[in-house]
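Have a look at the structure below, then the notes.
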Amino acid sequence: MGSLTRTIKNLFGNPGLDKARKIPPALPVITGPFEISINTLSSGNAYIGWTLSSCSIRITNQPQANRDVILKNRDTSTGGQIIFRSAFGSANQDTLSLTLPGDGSPVNFFIGGKFGFPSTDDQDGGISLTDAATSGVLHQRTLMVRVRKNANNLTVGERDRFLHAYATLNAATPDYQVFLDSHNAAAANEIHHRPSFLPWHRAFVLSLERHLQTIAIDPSVTIPYWHFDQPSPKIFDPDFMGGTPNSVGRVPFSGTNPLRNWTIFGVTGVTRRPSFNTATSGAQWDGGTGLVAVQSEAVTLALGPGWAQFEDMELDPHDTAHTCFSSGPLISPATATQDPLFFLLHSNIDRLWAKWQQKMNRYDTSNTATYSPQPAPAIGDFLTDTMWPWNGVTASPRPPTAPGGPLIQLAFPSKPGPTPTVADVIDYIGKTQGNSNYFDYDDVPVS
Amino acid sequence: MPNEDEHLESVQDKLKARQEQNESGLSDFTKARNAIEYKAALQQIRSLSDPEAVKKAIELLKNKQEDVTVRSLVLQKALSSIGKNLEYIRDCLSILQDKTDRIEMRKGAFSVLKVFSFGSKLFVSLRPEYMAILRSLLDDPDTNLREMAAEELAKDKDEFVQRRLLDGLTKQEAPIISDAKAIQLLGYDIHAEYYPAVRRLLQSSESDDVTKLEAIHVLANDPESKQLLVNMMLDKKQDKELRMSSVAAVQSGHPRDFVQIAKALVLDESESTDMRTVCLNALTLVHPTEKAALHEDQQFLEKVSRLHTLTKSPELKRMSLRYLESAGRHRKQ
């Protein structure tokens, strides 16, 4: 049995604070003379999704005899759960038996989040290394199974962590400014009504998410999605994206909601007036004599058989979801990112694409049914084109400025690269090893 | 509970039924001759795409004598086809600006034009025409249309509407929309020249709270409003929401001063829990330039920790914990 390392959330050596929080001590993380690397990283907090992450394990107090071990979930009753694979293409297993060489050589394997069992708190999942003969726990490594979730179903903790991260980014004005300047009037022709609409917005949502996940903010958050064809009363609430607006569309926030401090170009607060009853209805736009529902998920997913038909979803449900409000920045392309709801809307747009890809098996970029820049492609639509603004290109026909610089990279090799191409974001689940973008949706499996 | 295959089959069956319904509706629409028949047919159709049927539908749309529900259904069902045809989009523009047409049709046309502003490549070429029509709507008899037109123009930083809004606020001409909405729309392109008028409205006893609230939100960056906003924040006799909104405005516009004021307010036990909560909230989000000094204040941290232990207010308890966690995370970096 390895030595016991107690890990307690204790900010200032204040036992009174812990007692006040009524949080029981975290399960001790057992450490022994072993090293588990996840996505090449042997230390620090680990974050995975459904898509496979490459791992390795080795003995660190070599030389010694070879060791027969079993890898399993740290706690199967709670927290994010994982599956194991001995090789990239092998079957999922709940446990994995390995023999660790006594000379300290690493043994490779893969893990992925177990579909349907994501984490709700940071590092609530993990790997336990047990002795094959005695079942004694030899070593552990915590991790989080981190996926994008339905915003209406978040726990209070998940919701508040996301809001705090989002508002923190907004408060660091130059950083959020990038997202305003990348989706303004000058960018309109670059990012809308063209084949690369979906790939560009996938990279855009990922860019915001990676900003939120930097160590300075909160690596445990993802961008949740607004499932806009369903009633979402918890989203349109003073504790989340704002409650029922007043007569001029000003949405109220509760005293504890970080979005109270949302500021855009020196103007505080958020305005947004839904055309529909947010408590009882999915999104609807005003059709004149009555409200019209945005295109449902089922109908959207039935678009096909290929890309040429699916990309019509830009009009409905994307454009219609934006314009199911009668007032507020969200309804105009030049101002849409001024409303924090923008990224939840686009997380859902991207999720619909992801779900369609999974349903139709559309990850192979050599197949025009997966993606096609036709019939009238422009620069930025071709698979090998790098995407503005991350490519820094400002020569016509690109927009005149390219805010923000390259796309934030993960701490290990991954896609998309710092100047993402259209192709980089299509096989986002890494069907081909090495392609993974390392984000996932709670209701979109990867197999 | 059906398994995944059964669910998929059920969805596919529903979609097939919908497709058949669409085809049946299209056939009925082709044969329809009166409003009752048009309505019944269009209600079955999910999306009208057959070119001849769309052509017929557009004629119904343009006919002001036609039943308004039929015309509205055409807008809804032929949305995609309209967005791909320059002439059909122009027809929508004509409806929008036609003061003699039914208001529901004009608003319906406005809705679809906003949809196209996102996703129709053809709409881009009609944008100047669209903006000119919006300017003409600023004098429309319908309040909603005036407001929606003003908002679209304001988002585009249109100087014509900015001038009209400001003239309305300063009573140099009859306002086209309420003062509160005018202030809000001027906020899309806030200039120093608007500040004096907005400041006057915030200080005026004749302004209602809705107007004052909008004024607070846009005055955050006005140096001459700083004391006004601070006074509002500290005035316990002021309306609760106005005070709480002033907190964000002072925090955003004057972060250094805000930190000292907010810390004192948080620790003031005679202050309302709402204000103490909102101030702590804003303190967790101060600008990075102020964060280091704030989080080094060990005395304040200990007082917030004690506040967390002793307060009976769930909001204040939650907020003080978040503040401590935020400070702890920052100190670890």
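The values are calculated or read from the model by the stated rules, or taken from the named source; none is laboratory data. All values derive from a computational prediction rather than experimental measurement. No Cβ is skipped: glycine too gets one built from the backbone with ideal geometry, and neighbour counts run over all protein chains shown.
See the values below:
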{"item": "Residue among B:PRO128, B:PRO175 that alone is free of Cβ contacts under 8 Å to residues at least 12 places away in the same chain and part of a helix (DSSP H, G or I)", "result": "B:PRO128"}
{"item": "Tally, over the stretch B:61-84, of residues that are within 13 Å of chain A (Cβ to nearest Cβ) and farther than 20 Å from A:PHE325 by Cα", "result": "12"}
{"item": "Qualifying positions in the stretch B:221-242 - under 18 Å from A:TRP262 (Cβ atoms), at pLDDT 95 or above and in contact with a Ser or Thr (Cβ under 9 Å, 6 or more places away or on another chain)", "result": "B:LEU229, B:MET233"}
{"item": "Where a residue in the stretch A:113-133 is within 21 Å of A:GLY157 (Cβ to Cβ) and its partner, wherever it lies, is of a type in the set (Asp, Glu), with Cβ under 7 Å and at least six apart", "result": "A:PRO118/A:ASP442; A:THR120/A:GLU158"}
{"item": "Residue count, the stretch A:21-45 (criterion: hydrophobic (A, V, I, L, M, F, W, C) and either at pLDDT 75 or above or crowded, with 17+ Cβ neighbours inside 10 Å (or both))", "result": "6"}
{"item": "Matching residues in the stretch A:165-208 - criterion: being closer than 14 Å to B:GLY119 by Cβ, assigned to a helix (DSSP H, G or I) and within 10 Å of another protein chain (Cβ to nearest Cβ)", "result": "A:ALA188, A:ASN189, A:PHE197"}
{"item": "Long-range neighbours under 7 Å by Cβ, at least six apart or interchain, first residue under 26 Å from A:ALA46 (Cα atoms) and of a type in the set (Asp, Glu) within the stretch A:194-221, second in a loop (DSSP other than H, G, I, E, B) and modelled with pLDDT of 95 or more", "result": "A:GLU209/A:THR222; A:GLU209/A:ILE223; A:GLU209/A:PHE439"}
{"item": "Some residue of the stretch A:229-242 being of a type outside the set (Phe, Trp, Tyr) and within 12 Å of chain B (Cβ to nearest Cβ)", "result": "yes"}
{"item": "Condition broken by B:ALA182, with the remaining ones in (1) modelled with pLDDT of 95 or more; (2) buried (at least 23 other Cβ atoms within 10 Å of the Cβ); (3) out of contact with any Asp or Glu (no Cβ under 7 Å at 6 or more places or on another chain); (4) at the interface with another protein chain (Cβ under 9 Å from one of its Cβ atoms) satisfied", "result": "(4)"}
{"item": "Matching residues, the stretch B:88-120, being more than 7 Å from chain A (Cβ to nearest Cβ), acidic (Asp, Glu) and in a helix (DSSP H, G or I)", "result": "B:ASP91"}
{"item": "Selected residue (criterion: farthest from A:ALA171 (Cα to Cα)) from residues of the stretch B:294-328 that are small (Gly, Ala, Ser) and under 36 Å from the mean Cα position of the chain (by Cα)", "result": "B:SER313"}
{"item": "Test result for A:ASP18, out of contact with any Lys or Arg (no Cβ under 6 Å at 6 or more places or on another chain) and at pLDDT 95 or above", "result": "no"}
{"item": "Sole exception among (1) away from every other protein chain (no Cβ under 14 Å); (2) more than 26 Å from A:HIS322 (Cβ to Cβ); (3) buried (at least 20 other Cβ atoms within 10 Å of the Cβ) for A:ALA132, by number", "result": "(3)"}
{"item": "Subset tally (residues that are in contact with a Phe, Trp or Tyr (Cβ under 8 Å, 6 or more places away or on another chain) and either of a type in the set (Ser, Thr, Tyr) or in the same structural domain as A:ALA46 (by TED's automatic domain parsing) (or both)) for the stretch A:395-421", "result": "2"}
{"item": "Residue in the stretch A:320-328 that is in a helix (DSSP H, G or I), among the small types (Gly, Ala, Ser), assigned by TED's automatic domain parsing to the domain that holds A:ASP229 and crowded, with 19+ Cβ neighbours inside 10 Å present", "result": "yes"}
{"item": "Qualifying position, being aliphatic (A, V, I, L, M) and either crowded, with 17+ Cβ neighbours inside 10 Å or touching a Lys or Arg at 6+ places or on another chain (Cβ under 7 Å) (or both), among A:ALA334, A:ALA376", "result": "A:ALA334"}
{"item": "Extreme residue, farthest from B:ALA248 (Cα to Cα), among residues of the stretch A:255-298 that are among the small types (Gly, Ala, Ser), more than 9 Å from chain B (Cβ to nearest Cβ) and part of a loop (DSSP other than H, G, I, E, B)", "result": "A:SER296"}
